[in-house]
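Sending over a structure as structure tokens; questions will come in a sec.
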Amino acid sequence: MIARLAEAPVSPETLAADQRFRDELVALLPSLRSFARGLCGWRNIADDMVQDAMLRGWAARASYAPGTNFRAWMFMILRNQFYTTLRKDKRIESWDPEVAERVLVEAPAQQGALHLADVARAMQRLPAEQREVLMLIGANGASYEEAAEIIGCAVGTIKSRLARGRKALTAMIDGPVGDALFDRVA
Amino acid sequence: MNLFAVWRVLPATNMLKWGDMTKHQAEKGHQMRALASDFDPVAAALQQLHQVVASEELPEDFRKILDAIDARLAEARTGPRP
């Protein structure tokens, strides 16, 4: 996989741009990994997808216009990677009771872990189109516009998917919509 | 000394401070209620999900790719190794 990094000699300007690209990529890795993990639920498959997106992004870096939204550009590559993997690997869409443990390898506190496990489990039961919007906006702090750019749809569609995803997620975790997620007691 | 006696001996400045503190507490309470009504449990849980993954140490496979990228960059700077 790393052999794909081989390439022709570059000018000093290109070299500087490549270095910036590399630095931005490193800074974005935590977000890419959490997005992938939230999308597929499998730690190893998610990390493979991110690694593949890294390599694809690096290979296509000449097509990235510096100063534009690097995050959206990389998320688009990763999202495409997810749907390609989804078509090949049916495990990703199938429900597994241990999914939360795969998503959350280590939780910061036991009480938090219980709640997070609920959320992670519920997330994997949502349709992928709602999951990706929740992960982009809710978890990664993307704007509606940025999410629309990444997914390639209208802002209205994003809002609608987000609302449906939130409603379904809340209903799955706490029953009726409106109940507080963190008021649950194990 | 009963509470009324304490009240009587408190200097006027303390009385003002008491009044300011009460006002401050009321404002703080108002702010806390506003925060509570703005609290979004779904967003908080999703952000926490993100934090759990984002705070993990980067796995070795990622480091290998970054090392390979760094090696390419170093090679481009200094020319290919003989």
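The values are calculated or read from the model by the stated rules, or taken from the named source; none is laboratory data. Being a predicted model, the structure only gives us computed values, none of them experimental. Every residue, glycine among them, receives a Cβ derived from its backbone with ideal geometry; neighbour counts consider all protein chains shown.
Evaluate the following for A:A128: is it at pLDDT below 90 and small (G, A, S)?
It is false that A:A128 is at pLDDT below 90 and small (G, A, S).
Working only within the stretch A:57-82, note down all residues that are under 16 Å from A:V26 (Cβ atoms) and in a helix (DSSP H, G or I).
Those that are under 16 Å from A:V26 (Cβ atoms) and in a helix (DSSP H, G or I): A:G57, A:W58, A:R61, A:F70, A:R71, A:W73, A:M74, A:F75, A:I77, A:L78.
Being outside any helix (DSSP H, G or I) and either of a type in the set (V, I, T) or at pLDDT 85 or above (or both), is that true of even one residue in the stretch A:15-24?
Among the residues of the stretch A:15-24, not one is outside any helix (DSSP H, G or I) and either of a type in the set (V, I, T) or at pLDDT 85 or above (or both), which makes the answer no.
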